[in-house]
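Let me begin by presenting the structure, written as structure tokens, before commenting on it.
The values are calculated or read from the model by the stated rules, or taken from the named source; none is laboratory data. This is a predicted model, so every value here is computed, not measured. So basically every Cβ, Gly included, is an ideal-geometry build from the backbone, and we count neighbours across all protein chains shown. Remember, those area values only see protein heavy atoms, side chains included, never the ligands or the DNA or RNA. Shrake-Rupley method; radii C 1.70, N 1.55, O 1.52, S 1.80 Å.
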Amino acid sequence: MATPRELLDIYGALSLHSANEADTRLKLIDQIVFGVLEWTHDDVSVEVRSSEDGTTTFADYVLSTAMTSLVVEAKRIGATFDDLPNQRRVLIRRLLRTNIGEYLIQARDYARRLSIPFASVTNGAQWVIFPATRVDEIPFEQSSAIIFPSLRSCLEDDYQEFSDLLSRAAVVSGSLENELLGRLEDQLIERRLNRYYESSPTKGSGSELYALIEPAVVAAFTEEAVRHNAELLQKCYVPSADRMRFDRRIRMRITQRTAPVTGAVRPLRNERSGYLSGIIRSAASESRPLALLVLGPVGAGKTTFIDYTRDVAAASLFAPTGERPYPHWIYIDLRSLGPDSSPVDFIYARLRDYIDAERYLSDYDRCIQHAYGEQIAALFRGPLHLLAGDEGERRRRISELLMSDYNKVVPYVDVVLRYAARNTSVFIVIDNVDQFDSVDFQEKLFGEAMALARRIGVGLVLALREATYVRHRNLPVFDAFDFDAIAIDPPPVKAVLSRRFFVAEGLLNGVSGDFVAENGAKMHVENLADVIGILRNSVLGTEIGNLIEVFATGDIRNALRMTREFLRHGYTAPARALQVHARGRKYVMPRHEALRAIMLGSRRVYHEEYSSVGNIFDSRVSLTSAQMLRMFLMNGIVTAASAGSFRGVQGTAIQEIGRSIGFGEEIVMRVLTDLSELRFLFTESHTDPSFQATYVPSRLGGYIIRELCSDVMYIENTMYDTFIADEGIWETLRETTDAIHAERDVVSRVKLRMARVRLFYQHMKASAQHLADEAVRRWLANEWVTNPLTVNEDRFESNVRWVIESAQRNYGTNGRWTGREATREGTQPDIS
């Protein structure tokens, strides 16, 4: 690389000899582009063909990354830049009246023909940089250009500003957008279908039949309903863990995340199934405090495990026994803690509530007088000695003491529970520690809970997510407390659902009901348990059950919620199903109805923020060039996970890949964070997303890339919440959607819908190809250079053809349902 002094000398020599454009480019501009600004040869194209209206011209340089591009129009030394204003920023309208005005127009036209947003004109010494193609309706003439009036300005006087604007690293970080447009985002117009259409043209959801089975469904498929009923809890509890290691369908290794605590016991593995109840009994028999962490991912079943241990496995231990002290299990759920409340005040208030409700601890004769015995004796030996002989005054003073402590809460709770803990085991169980994300809040909570347990000598059980523990495990409070750890692995979703259906079926056995069918006919169901049987057959061992399992990603609470949504909103033809069942045949609900119900819930069109399933087609960074970055990163990570030696992708590698193709660290990290929140991928060690973490794809992430991105129903739903950058495609999508809403014929409507899905798919494929091409240009590893929409295109087209053929078979020419596929297991009879 030439030094600034050498470049100034080169410029002087070129000026002296009135060098032509070719020499200017070779000897000066190339040195600045590749040496000073550190662009690579993979980033730069020269003599780029630009054709329009039968005329072909060539742009001198195109500097491009995946995020943005810049046309550089080179002129020879001596080209007249003499009247260039000596100002940093100037309106283009003013520059058009100078001698370089025609060069600005030339560079702008190159950029517009090539769909490039920025342009620059330079003779090697003087540089003018400006926006060429805008999407915010600001005219070209009213835009501003940034000027570097001399080579000395570029290399010495204003070098830092020159580098911060035009160097590759700066452009990747968004310098051109921020300096020339005032923002990084370019998706300013609301081109999302869900902003214009409040409903989709598909069938409405829900049925009157669901109202008949809703109480049983809520009782069986809602955690809160189950956990307060020991009988239901015992029937619903699954005492084993999901141990899938490789999904053959998507050909991806399901990588197990690192356990945050070495040696943690995993009680859902058969050999340790009674571990917690065993150590509770041991602690109770020895009257010793227990310190225990119950760790697990979101929705894995930590609360269910705790409830099962207390109300089923160790229920007899906590049963009240006559006049003698007996163990106490005080459960505190922080979900009802307000964001502005003090955690210690909340905990103490719940402890006092437990004391008030518990017949032994609230009994003055059996517990309270003994708990306060030493304090009362000390008072009447000392300050109140003269009143000791007056029984009435004595009782009044004792009552005042007790009421004073009771109203203060803390001293009363400490005294009563300390006494109880001297005679039996007392366990304080604090659940949902992760209710608030504030690190300070969580630290305070840990400290207060542990101090309380140590002060009064009770056992402490903390239930929290593994990620929360990892965030705080180096706190002194954890070092000071000798905790045992239990790790809760999610149980198999299908096993959980099987038990819940069994419970719901039992609750409805022998119950009859009437409802109005989808065609208006009144129908009677002699035994509503039959309805649950049909629903069970539609889920267990079918594609629908597999979908719920994949979407849940180990979150059992989420799986139950999705199943409720599916049962409430997905069954659009219950009468048809009952008729098939009455003929002794098996009716399996179409997969697409379940997928739609799971994705939409109670909403009519898809919105990512309200859905259980994320949108792989939009990175939501308001930047068109980065719109497909979610898909690009997920495709690379999922492809890497297909190798037998896969152990994760380093965040630093992802950072370098993003930088290589032209995305700054901030955008890449925003996308990684979103992918983690959407459960498409995880950090291997449960840490928050960062470039220091290692990333592994979830099973959901694998299905998104290998299957769902080419699934018609997934595409049609997510399309409603995807930004459409191309104005022509946007207008066509709008027009087609209007036509779909206006069409009554089912087959014609389905064909229009498939035409719309095809158009969207091809648009997204082209957008994804842009990133794949950038990866190829930079010789990235094989997992980063493929376009999953190209790879899956044949599957997508097959899916589209099948939908159209299915509509034609089922509705024929008269638009009425024929029912020919209603009894065929595993088929999708209708996507209207």
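Of all residue pairs spaced 6 or more apart or on separate chains, those with beta-carbon atoms under 8 Å, a first member in the range 794-808 that is touching a residue at least 60 places away in the same chain (Cβ under 8 Å) and a second member that is in a helix (DSSP H, G or I) and open to solvent by 60 Å² or more (accessible area, probe 1.4 Å) are Val800/Arg758; Ala807/Lys751. Of the helices (runs of 4 or more DSSP H) that lie entirely inside the range 153-232, those containing 2 or more residues that are out of contact with any Asp or Glu (no Cβ under 6 Å at 6 or more places or on another chain), farther than 23 Å from Ala529 by Cβ and β-branched (Val, Ile, Thr) span 168-172. Within the range 417-458, the set of residues being at pLDDT below 85 and assigned to a loop (DSSP other than H, G, I, E, B) comprises Phe436, Asp437, Ser438. With the requirement that a residue be small (Gly, Ala, Ser) and either modelled with pLDDT of 95 or more or under 16 Å from Gln627 (Cα atoms) (or both), what does the range 641-659 give you? Of everything in the range 641-659, those that are small (Gly, Ala, Ser) and either modelled with pLDDT of 95 or more or under 16 Å from Gln627 (Cα atoms) (or both) turn out to be Gly651, Ala653, Gly658. Count of the range 671-706 residues, restricted to those that are open to solvent by 20 Å² or more (accessible area, probe 1.4 Å) and under 18 Å from Glu783 (Cα atoms), is 3. What are the residues in the range 420-457 that are buried (at least 17 other Cβ atoms within 10 Å of the Cβ), under 27 Å from the mean Cα position of the chain (by Cα) and β-branched (Val, Ile, Thr), if any? The answer is Ile430, Val433. Residue pairs whose Cβ atoms lie under 7 Å apart, separated by 6 or more positions or on different chains, with the first residue in the range 646-671 and within 10 Å of Phe691 (Cα to Cα) and the second buried (at least 17 other Cβ atoms within 10 Å of the Cβ) and polar (S, T, N, Q), are Gln650/Thr694; Gly651/Thr694; Glu665/Gln655; Val668/Gln655.
What number of residues in the range 309-327 are of a type outside the set (S, T, N, Q) and within 39 Å of the chain's Cα centre (by Cα)? Give the derivation first.
Step one: filter the range 309-327 for residues of a type outside the set (S, T, N, Q), giving 310-315, 317-320, 322-327.
Then drop every residue that is not within 39 Å of the chain's Cα centre (by Cα), which leaves 310-315.
Matching residues across the range 309-327 total 6.
For the range 582-604, residues that are hydrophobic (A, V, I, L, M, F, W, C), open to solvent by 10 Å² or more (accessible area, probe 1.4 Å) and modelled with pLDDT of 80 or more total 1. Considering only residues in the range 33-55 that are in a helix (DSSP H, G or I) and free of Cβ contacts under 8 Å to residues at least 40 places away in the same chain, the one that is surrounded by the most Cβ atoms within 10 Å (Cβ to Cβ) turns out to be Val33.
With respect to the conditions (1) free of Cβ contacts under 8 Å to residues at least 24 places away in the same chain; (2) of a type in the set (A, V, I, L, M); (3) within 27 Å of Glu466 (Cα to Cα), Ala319 falls short on a single one, namely (3). Checking each residue of the range 302-315 against the condition of being over 30 Å from Gln256 (Cβ atoms) and either open to solvent by less than 20 Å² (accessible area, probe 1.4 Å) or outside any strand (DSSP E or B) (or both) gives at least one match. Just so you know, in the range 627-670 the residues that are open to solvent by 50 Å² or more (accessible area, probe 1.4 Å) and in a helix (DSSP H, G or I) include one that is nearest to Thr718 (Cα to Cα), and it is Arg670. If I filter the range 107-140 down to residues being part of a helix (DSSP H, G or I) and aromatic (Phe, Trp, Tyr), which single residue comes out as surrounded by the most Cβ atoms within 10 Å (Cβ to Cβ)? The residue in question is Tyr110. In the range 336-379, of all residues being outside any loop (DSSP other than H, G, I, E, B) and among the aromatic types (Phe, Trp, Tyr), the one that is least open to solvent (accessible area, probe 1.4 Å) corresponds to Tyr348. Look at Leu176 and say whether it is over 27 Å from Ile661 (Cβ atoms), in contact with a Ser or Thr (Cβ under 7 Å, 6 or more places away or on another chain), of a type outside the set (S, T, N, Q) and surrounded by 15 or more Cβ atoms within 10 Å (Cβ to Cβ). Spelling it out, it is not the case that Leu176 is over 27 Å from Ile661 (Cβ atoms), in contact with a Ser or Thr (Cβ under 7 Å, 6 or more places away or on another chain), of a type outside the set (S, T, N, Q) and surrounded by 15 or more Cβ atoms within 10 Å (Cβ to Cβ). Of all residues in the range 517-540, those satisfying the criterion of being over 15 Å from Ile213 (Cβ atoms) and surrounded by fewer than 16 Cβ atoms within 10 Å (Cβ to Cβ) are Asn519, Gly520, Ala521, Lys522, Leu540. Of all residues in the range 221-252, exactly one satisfies the criterion of being of a type in the set (Lys, Arg) and open to solvent by less than 60 Å² (accessible area, probe 1.4 Å), namely Arg227.
Screening the candidates Glu743, Glu684 for the property of being at pLDDT below 95, more than 23 Å from Glu177 (Cβ to Cβ) and in contact with a strand residue (DSSP E or B) (Cβ under 8 Å, 6 or more places away or on another chain) yields one hit, Glu684. Filtered by the rule that a residue be under 55 Å from the mean Cα position of the chain (by Cα), assigned to a loop (DSSP other than H, G, I, E, B) and among the hydrophobic types (A, V, I, L, M, F, W, C), the range 1-32 gives Met1, Ala2. Would a scan of the range 180-193 turn up a residue that is among the small types (Gly, Ala, Ser), open to solvent by 30 Å² or more (accessible area, probe 1.4 Å) and within 30 Å of Asp745 (Cβ to Cβ)? Looking through the range 180-193, none of the residues is among the small types (Gly, Ala, Ser), open to solvent by 30 Å² or more (accessible area, probe 1.4 Å) and within 30 Å of Asp745 (Cβ to Cβ).
When the range 489-516 is limited to residues that are among the charged types (D, E, K, R) and modelled with pLDDT of 90 or more, the one that is surrounded by the most Cβ atoms within 10 Å (Cβ to Cβ) turns out to be Arg500. The helices (runs of 4 or more DSSP H) found entirely in the range 685-772 that carry 2 or more residues being in contact with a helix residue (DSSP H, G or I) (Cβ under 9 Å, 6 or more places away or on another chain), without any contact (Cβ under 8 Å) to a residue 40 or more places away in the chain and not polar (S, T, N, Q) are 727-742.
If only residues of the range 794-825 that are of a type in the set (Ser, Thr, Tyr) and either open to solvent by less than 30 Å² (accessible area, probe 1.4 Å) or in contact with a strand residue (DSSP E or B) (Cβ under 8 Å, 6 or more places away or on another chain) (or both) are counted, the one that is modelled with the lowest pLDDT is Tyr811. Residues in the range 383-416 that are part of a loop (DSSP other than H, G, I, E, B), modelled with pLDDT under 90 and either in contact with a helix residue (DSSP H, G or I) (Cβ under 6 Å, 6 or more places away or on another chain) or among the hydrophobic types (A, V, I, L, M, F, W, C) (or both): Leu384, Ala388. Among the criteria (1) buried (at least 21 other Cβ atoms within 10 Å of the Cβ); (2) within 32 Å of the chain's Cα centre (by Cα); (3) modelled with pLDDT under 85, the one Leu560 does not fulfil is (3). In this structure, is Ala314 without any contact (Cβ under 8 Å) to a residue 24 or more places away in the chain and among the hydrophobic types (A, V, I, L, M, F, W, C)? Against the criterion (without any contact (Cβ under 8 Å) to a residue 24 or more places away in the chain and among the hydrophobic types (A, V, I, L, M, F, W, C)), Ala314 does not qualify.
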